[in-house]
Structure formats: C-alpha cells, structure tokens
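Enquirer: Would you mind keeping the following structure in view while I ask a few things?
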Amino acid sequence: MSAHTWTRRQVLNTAAGTGVALGAASTLAAPGTAQAHDGRPGPRPPMKIIAIEEAVMLPGLITQGTALNGAIPFKPEVTAQWLKRLPDVTGQRLADMDEHGVTMQVLSLTPPGVQMQPDAVIAVTDARHANDMLAAIVAEHPTRFGGLAALPLQDPQAAVREAHRAINELGLAGFLVNGHTCGQYLDEPQFRVVWGALEELGAALYLHPTPAPTGDWGLLKGRPELVGPLYSWAAETGGHALRVILGGVFDDFPGAKLILGHMGEFLPFQMPRLDVQIQNINTRVPLKRKPSEYLVDNIAITTSGVMDDTMLQAAVKAMGIDNVLFAIDYPFEKTAQAVEFLRNADLPSAHRKKIAHRNAERLLKL
C-alpha cells in the first residue's frame, strides 16, 4: 500500500498502536508558510527551509538513546532537555519549527538506531516498526515532516527488501544509517546488494555518527571530552565514508549517493591532500578516479552543527553548491542558531535557496 493511499484512520491507528501522538493534519501550514502551534496562521517566512538531519526517538526500539548514557560527559541538564524533546513530534518540535520558520524536518532515528542490535531478526523487525511509524507521521503531516528510513544491515537481503518497501510502499525520502553495524562497515562485500538497491531506487543514504565504539582508541584515553561530537564522531564518520570510496563502491555503483552531516565530517577540507597522497599508496582496490571526484559526484553534505560562514564558503567551493544542504541536528543543536546562520550567510539568493530547500527537494524527492 502506498503512503499516498493511506486513509486517515489507518494513519491514526498506526500511531496509536505505538504511542506517538499525532495532531490534526488540517491545522498544518502549506510548505513555506509558518503556522502558529495553536493553529492560527503566522507570518510567511522569507524562504522555505527544509532541515534533513533531525532526530526522533520512537517507542518500542531497544537500542535508542545510548548516546546519552554517560559515556560522553554531557551536562545532565542538557541531556534532560534532549531526552524530553526526542520522543516528541507535534508538541515542542512543531512549536520550535513554527517559531523559527522551519518548513519541514526530515526525521530519522536517533543514534544508534537499529545498527547496534546483534540479533538480525530483531533488527529487521525494529526497522520495519520504525519505518511504519515514520511513514505514519509523514502521512499525517506531509507538509511538515519527511522521513529517512532505517536499514537492518545485519541481514543485507532483508535490508534490500526493506529499502524497496520504504520507498515504493511507504513513500519515505531516503535512508539513514548510524555508523557501523555491529562492527561492520558499508564498504564490506556483503553490502554490495544494498548499494545496488539504493542505486536502483535512486535513494540517498545519510551516514550519521554512532555513539558505539568498535574498540579502544588510545588517543581518547583520559580525555572523554574528545569522545562524541567534539571530535571522534566526525573522525570516525569521515573515515567510514573514506572506506566506502576506497572500497570501490562508487566505481561499482556510480549512481549511488551518500550524505554526510556536520559540513562533511572534515573531508571537504582534506580533498587536496587526499588526491596527493592517494598517488603514494597501493590501494587494495584500484580506483578509477581521484578521491575528490567521488566526493563531488557521489557525496552531499549538510551544515548540521557547523554554523560558521567561513566554513560554509569553503565547503561550497570544495563540494559545489548543488551538494550542500541545510540541517539543524535537532534537538542536539539550537534551531534559532542554525536558521540565523542560514539567513545571514554571505550567499547569493539562488545559492541560499538551494541550501535551504531546493537541494533537499531534488536529492530526497520531497
């Protein structure tokens, strides 16, 4: 059944069965129009804004929320606010969007999502449950929310089936994977069938950091501050993306598209060095192109958490304006700061609109 053919009763029944409260679709604004949380029309914002890395915690999944379990020395008052906002869909989240003129959030499971579930059968069930819930939210609020589906990579063939279902039946916008899957990375041979499905579907995959380490990293010992968003997540996620490049994934699937948050997890600013040093290294897989070419042709980046005009200008120059998208990283970053950064960035109007919404509409078919 297509998401477009769901009845209102089916959507509400799906939501009710999982405990997420959904509001009345009739009170929602059309794209590009602000709406007060009590249903009263608000002022029309100067531009349409789509944010694509926006976390949600859905009921019934075992491994959610472990990024906040104390391994990283977050301030307790900060994590309390995050945990309050993560399960919410139509309360504080919509009010926050309305207050700051955000037209749409594209929702995805907060890390680690389904990636750390060691039982493949449970991972498949959890992914289907999560994707059904995301589809219900989107169907109830089609102008305010999109969804990036979970993939149970523990069983690659099941992940392929779920990918087709998520796009063709549920109408979701793409996929998000939270880092490695129980220590396995996306360049490994068993995932070639998944990449083939993504290329066939024309669906992008957002590679998000995970709070789950794969082993001890001596650099971090005695410095827990380095664990997480301050350093290690960007280094690990950027390294994961380099594994995908060096594994020849984009030579085998040239139409595949990967999205990286946080202004590209260091990689756009390392492109010249990557191109020089690859000439000095015997790669296990012979590559057809330079690393920078894969970055530009197969990878897009978002602004999440890096709200600085100098970094944005460099990223646009390195990646091209068509490969830079807006994201907030709600609730972990502040919407007000992210939107103010976007509105005040030193960009031509056409470029601002591409980052604000047009690139997301094209890449995620929103």
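The values are calculated or read from the model by the stated rules, or taken from the named source; none is laboratory data. Small disclaimer: the values here were computed from a predicted structure and weren't measured. Virtual Cβ from ideal backbone geometry, glycine too; neighbours counted across all protein chains shown. Accessible surface is based on the protein model in full, side chains and every heavy atom, while ligands, DNA and RNA are left aside. Shrake-Rupley method; radii C 1.70, N 1.55, O 1.52, S 1.80 Å.
Enquirer: Might you let me know whether segment 298-320 holds any residue that is basic (Lys, Arg), over 20 Å from the mean Cα position of the chain (by Cα) and modelled with pLDDT of 95 or more? Step through it out loud before you land on a result.
Expert: Residues of segment 298-320 that are basic (Lys, Arg), as a first pass: 317.
Next cut, over 20 Å from the mean Cα position of the chain (by Cα) only: 317.
Next, only the ones that are modelled with pLDDT of 95 or more stay: 317.
Yes, segment 298-320 contains at least one residue that is basic (Lys, Arg), over 20 Å from the mean Cα position of the chain (by Cα) and modelled with pLDDT of 95 or more.
Enquirer: Taking Ala67 as the residue in question, decide whether it is surrounded by 22 or more Cβ atoms within 10 Å (Cβ to Cβ), under 30 Å from Pro224 (Cβ atoms) and at pLDDT below 80.
Expert: Numbers: surrounded by 22 or more Cβ atoms within 10 Å (Cβ to Cβ): yes; under 30 Å from Pro224 (Cβ atoms): yes; at pLDDT below 80: yes.
So Ala67 fits the description; yes.
Enquirer: Of the conditions (1) more than 26 Å from Gln190 (Cα to Cα); (2) touching a strand residue (DSSP E or B) at 6+ places or on another chain (Cβ under 9 Å); (3) among the basic types (Lys, Arg), Lys257 clears all except one; give me its number.
Expert: Going through the list (1) more than 26 Å from Gln190 (Cα to Cα); (2) touching a strand residue (DSSP E or B) at 6+ places or on another chain (Cβ under 9 Å); (3) among the basic types (Lys, Arg), Lys257 breaks only (1).
Enquirer: Among the candidates Leu312, Leu366, Leu274, which residue alone is surrounded by fewer than 23 Cβ atoms within 10 Å (Cβ to Cβ), among the aliphatic types (A, V, I, L, M) and either in a loop (DSSP other than H, G, I, E, B) or on the phi > 0 side of the Ramachandran plot (or both)?
Expert: Values: Leu312 fails: either in a loop (DSSP other than H, G, I, E, B) or on the phi > 0 side of the Ramachandran plot (or both); Leu274 fails: either in a loop (DSSP other than H, G, I, E, B) or on the phi > 0 side of the Ramachandran plot (or both).
Being surrounded by fewer than 23 Cβ atoms within 10 Å (Cβ to Cβ), among the aliphatic types (A, V, I, L, M) and either in a loop (DSSP other than H, G, I, E, B) or on the phi > 0 side of the Ramachandran plot (or both) holds for just one of Leu312, Leu366, Leu274, which is Leu366.
Enquirer: Take the conditions modelled with pLDDT of 95 or more and open to solvent by 30 Å² or more (accessible area, probe 1.4 Å) and apply them to Tyr206. Does it pass? Give the derivation first.
Expert: On the way: modelled with pLDDT of 95 or more: yes; open to solvent by 30 Å² or more (accessible area, probe 1.4 Å): no.
Against the criterion (modelled with pLDDT of 95 or more and open to solvent by 30 Å² or more (accessible area, probe 1.4 Å)), Tyr206 does not qualify.
Enquirer: Okay, next question. Given the criteria farther than 22 Å from Glu99 by Cα, open to solvent by 30 Å² or more (accessible area, probe 1.4 Å) and in contact (Cβ under 8 Å) with a residue 24 or more places away in the chain, does Lys317 qualify? Don't jump to the end; show me each part of the working.
Expert: Values: farther than 22 Å from Glu99 by Cα: yes; open to solvent by 30 Å² or more (accessible area, probe 1.4 Å): yes; in contact (Cβ under 8 Å) with a residue 24 or more places away in the chain: no.
It is false that Lys317 is farther than 22 Å from Glu99 by Cα, open to solvent by 30 Å² or more (accessible area, probe 1.4 Å) and in contact (Cβ under 8 Å) with a residue 24 or more places away in the chain.
Residue-wise test of (1) free of Cβ contacts under 8 Å to residues at least 12 places away in the same chain; (2) touching a Lys or Arg at 6+ places or on another chain (Cβ under 9 Å); (3) under 23 Å from Phe326 (Cα atoms); (4) crowded, with 24+ Cβ neighbours inside 10 Å.
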| site | (1), (2), (3), (4) |
| --- | --- |
| Asp98 | no, no, yes, no |
| Gly101 | no, yes, yes, no |
| Thr110 | no, no, yes, yes |
| Pro118 | no, no, no, no |
| His141 | no, no, yes, no |
| Gln157 | no, no, no, no |
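Enquirer: Which pairs have Cβ atoms under 7 Å, sit 6 or more apart or on different chains, and link a residue in segment 284-312 that is among the aromatic types (Phe, Trp, Tyr) to one that is crowded, with 21+ Cβ neighbours inside 10 Å?
Expert: As it stands, the answer is Tyr294/Ile245; Tyr294/Phe250, since those pairs meet every condition given.
Enquirer: I'm told Pro348 meets every condition in (1) closer than 20 Å to Ala360 by Cα; (2) open to solvent by 40 Å² or more (accessible area, probe 1.4 Å); (3) within 17 Å of the chain's Cα centre (by Cα) except one. Can you identify the failing condition by its number?
Expert: Answer for Pro348: the failing condition is (3).
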